[in-house]
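Enquirer: Sharing a structure here in structure tokens format.
The values are calculated or read from the model by the stated rules, or taken from the named source; none is laboratory data. Values in this document were obtained by computation on a predicted structure and should not be read as measured data. Here the Cβ is made from the backbone with ideal geometry for all residues, glycine too, and neighbour counts use every protein chain on show. The protein model used for the area step is the full one, side chains on, heavy atoms only, and it has no ligands, DNA or RNA in it. Shrake-Rupley method; radii C 1.70, N 1.55, O 1.52, S 1.80 Å.
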Amino acid sequence: MSILGDYMLGIVLSGGGAKGAYEMGVWKALRKLNIKYNIVTGTSIGALNGMMMVQKDYYKCLRLWKNINYDVIYDNFDKVTNTKEMYLSYLNKVFEGGINTKKIEQLIESYYRPNKLYNSKIQFGVVAYNLSTKKAVYATKKNTNPDKLKKYVLASATCFPVFQPTKIDNDSLIDGGYYDNLPISLAIELGADEIIAVDLGSIGFLKKIKNKNVKITYIKPNNKLDSFLMFDSNVTPRMINLGYNDAMKAFKRLEGDLYTFKRGTISNLYYRYKRNIFKICDRIDYVGNFKDLYKSNEPLKRLKKILEDTLEIFEVPVDKIYSSISVNKELFLKFKKVETIKINKFEFEEIKKIFNSSVIVKYIYLKLKNYEKINPIFHLFPKEYAAAIYLLAVRKNMNFDYFE
């Protein structure tokens, strides 16, 4: 039974190339939440992931994404070591007429299980675009035989003009993102009463949804994902984690925006440290972003923003799940590595250093800790000022002296 009710629940997966690892993370969350679905539709990489979801080949799909690389996707693709080389390689392939789809065809063939797919009670549909007729193609289990459906998955999953079109009968078909990159309407046509739509935010057209009575829960990346062309097993685990985290936040099992926290973490931090925070604010004239927290009717919301700003300043990894204890430990471990500067006069070399946000935070932090006057110029850095206040408030309740 779906936790959303007794309706037909549809999962809609957008296109996005290598970003499809994020959809794998969403699937992981759906399993954790025991959400049962009746319909799956997908475009591009969403068609391939969707096929696996209908077949319920979770572990095979997970293994695919954890081991993905250029050799799995491409035939004779130039080895690349950075993003610039990657884009140049793709551009060269476009000018050569596009990459042949042989390797992707082999990949789909190895994972396609027509008996499992067609015997499943879960409805399935993909979107492709017919270059010959200039029309969209909606291929479903209901209207397409098993051999052709496999070809439509291939056509939808190969982004034109990076890849060559797929030939089906006498027509040339390409990525369904050229018509509908998030096929919600197709899921509704297949009978969905409610929908969970995973939108990777990639380039592609989106069709207007005519039926406004269908409840739609959108799951979108809160953080920037790696390039849709970056098929690299070194980066896919991060995207899987982000997909899982965002899905769990969408269903209120975790909390946070850019970062992810266990439920209750923000309130725990607020009530544990608010006395220290307010004491610090009382003894200084300028409280930066803490001014709103100090007088706010939504203190938890304000604290979450300040905490996430602080984590971002210190470049704390965004794909982990933090508790009130682990988030502070992670912050102070980063804080320990930051250079300490003493600015008595604004010499050129010292001025250059203060343009590093983490250095600014540490400078303000040490001034506040030692009850020293802070130059008013640092009032121009409200995020850093607020971060310093937070860290100082936390330090008073935890044994972090040895990190300084």
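Enquirer: Taking Leu254 as the residue in question, decide whether it is open to solvent by less than 20 Å² (accessible area, probe 1.4 Å) and among the aliphatic types (A, V, I, L, M).
Expert: no
Enquirer: Just the residues that are assigned to a loop (DSSP other than H, G, I, E, B), of a type in the set (Gly, Ala, Ser) and on the phi < 0 side of the Ramachandran plot, please, taken from segment 189-230.
Expert: If the condition is that a residue be assigned to a loop (DSSP other than H, G, I, E, B), of a type in the set (Gly, Ala, Ser) and on the phi < 0 side of the Ramachandran plot, then Ala192, Ser202, Ser227 are the ones that fit.
Enquirer: Report whether or not Leu333 is within 30 Å of Ala29 (Cα to Cα), at pLDDT 95 or above and not acidic (Asp, Glu).
Expert: Answer is no for this residue.
Enquirer: Could you check segment 93-111 and list, in sequence order, the residues that are surrounded by 12 or more Cβ atoms within 10 Å (Cβ to Cβ) and acidic (Asp, Glu)?
Expert: Glu105
Enquirer: If you don't mind, another one. Suppose we filter Tyr59, Tyr87 for residues that are surrounded by fewer than 17 Cβ atoms within 10 Å (Cβ to Cβ), modelled with pLDDT of 75 or more and farther than 20 Å from Leu173 by Cβ; which single one remains?
Expert: After applying the criteria, what remains is Tyr59.
Enquirer: Which ones in segment 353-368 are modelled with pLDDT under 70 and in a helix (DSSP H, G or I)?
Expert: Result: Lys353, single match.
Enquirer: Something else now. Looking at (1) in contact with a helix residue (DSSP H, G or I) (Cβ under 6 Å, 6 or more places away or on another chain); (2) open to solvent by less than 70 Å² (accessible area, probe 1.4 Å); (3) not basic (Lys, Arg), which one does Gly191 not meet, given that it meets all the others?
Expert: Of (1) in contact with a helix residue (DSSP H, G or I) (Cβ under 6 Å, 6 or more places away or on another chain); (2) open to solvent by less than 70 Å² (accessible area, probe 1.4 Å); (3) not basic (Lys, Arg), only one is false for Gly191: (1).
Enquirer: Name the single residue that is most open to solvent (accessible area, probe 1.4 Å) among those in segment 280-294 being in a loop (DSSP other than H, G, I, E, B) and at negative phi.
Expert: Looking at residues that are in a loop (DSSP other than H, G, I, E, B) and at negative phi, I get Asp285.
Enquirer: Being closer than 18 Å to Lys305 by Cβ, open to solvent by less than 80 Å² (accessible area, probe 1.4 Å) and in a helix (DSSP H, G or I) is the filter here, so list the residues in segment 264-279 that pass it.
Expert: Within segment 264-279, Thr265, Ile266, Ser267, Asn268, Leu269, Tyr270, Tyr273, Lys274, Ile277, Phe278 qualify.
Enquirer: Further question on the same structure: Return the total of residues in segment 222-237 being under 15 Å from Met24 (Cα atoms), open to solvent by 40 Å² or more (accessible area, probe 1.4 Å) and either out of contact with any helix residue (DSSP H, G or I) (no Cβ under 8 Å at 6 or more places or on another chain) or of a type in the set (Ser, Thr, Tyr) (or both).
Expert: 1
Enquirer: Would you pick out the residues in segment 313-329 that are of a type in the set (A, V, I, L, M) and free of Cβ contacts under 8 Å to residues at least 12 places away in the same chain?
Expert: Hit for segment 313-329 is Ile325, nothing else.
Enquirer: Looking only at segment 338-352, decide whether some residue is assigned to a helix (DSSP H, G or I), open to solvent by 70 Å² or more (accessible area, probe 1.4 Å), under 18 Å from Pro376 (Cα atoms) and modelled with pLDDT under 95.
Expert: Taking every residue of segment 338-352 in turn, at least one turns out to be assigned to a helix (DSSP H, G or I), open to solvent by 70 Å² or more (accessible area, probe 1.4 Å), under 18 Å from Pro376 (Cα atoms) and modelled with pLDDT under 95.
Enquirer: Quick check: anything in segment 303-319 of a type in the set (Ser, Thr, Tyr), over 18 Å from Leu380 (Cβ atoms), at pLDDT 90 or above and crowded, with 18+ Cβ neighbours inside 10 Å?
Expert: Within segment 303-319, not a single residue is of a type in the set (Ser, Thr, Tyr), over 18 Å from Leu380 (Cβ atoms), at pLDDT 90 or above and crowded, with 18+ Cβ neighbours inside 10 Å.
Enquirer: Out of (1) of a type in the set (Asp, Glu); (2) farther than 27 Å from Asn356 by Cα; (3) modelled with pLDDT of 95 or more, the odd one out for Asp232 is which?
Expert: Among (1) of a type in the set (Asp, Glu); (2) farther than 27 Å from Asn356 by Cα; (3) modelled with pLDDT of 95 or more, the lone unmet condition for Asp232 is (3).
Enquirer: Condition first: more than 15 Å from Asn268 (Cα to Cα), not in a helix (DSSP H, G or I) and not hydrophobic (A, V, I, L, M, F, W, C). Now tell me which residues in segment 303-326 satisfy that.
Expert: Glu315, Pro317, Asp319, Lys320
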